[in-house]
Amino acid sequence: MKRFPYPAPFVDRTGKVKRDTLEYFLIHPGLHTPQELNADSYLGSANETGEAALQMRLLRYVAMGLLAREKVSRAWGYALTMRGEDRLLWLWDKFGVEEPPKNMTPVEREFMVKEIRHRIADLEAFLKRG
């Protein structure tokens with residue numbers, strides 16, 4: 001049985017949408033509502049499916065432990081967790097990217113590049129042991 005009984009060209013199976021969403025939370029720390037994310041152009045094509053799809057995606061990331069969810073006035077706010085940071089590092093490694101997003105300051109980028117390389121080395125060492 002097929003998972004999608006109809007053609008679904010809009011479904012991203014590569015992880016790029018997840019990477020872009022987690023990068024947004026890394027660049028903009030703190031709690032963000034789905035309305036904020038939907039209005040921001042940084043996510044680009046990830047938001048073309050609409051706000052309901054965005055909310056479902058955020059809930060999936062909460063269930064995976066990548067995002068934390070907290071009530072903010074009348075809406076839910078989402079923030080990046082440590083597991084989400086680890087997954088973002090893995091996604092950067094998967095896509096051959098060892099650099100943080102381009103819109104960080106040079107000092108932030110230099111620090112983040114060192115941190116990314118250090119964490120990737122730690123993950124590789126852990127995987128070799130296990």
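Annotation: peptides 63-71, 16-24, ranked by per-residue average of other Cβ atoms within 10 Å with the highest first, follow the order 16-24, 63-71.
Please order Y78, Y61 by the number of other Cβ within 10 Å, starting at the fewest.
On the way: Y78 27, Y61 23.
Lowest count first: Y61, Y78.
Every read-out reported here was derived from the displayed coordinates using simple, explicitly stated rules and does not represent laboratory data. What you are looking at is a predicted structure, and each value in this text was computed from that prediction instead of being measured. Neighbour counts run over all protein chains shown; Cβ positions are idealised from the backbone, glycine included.
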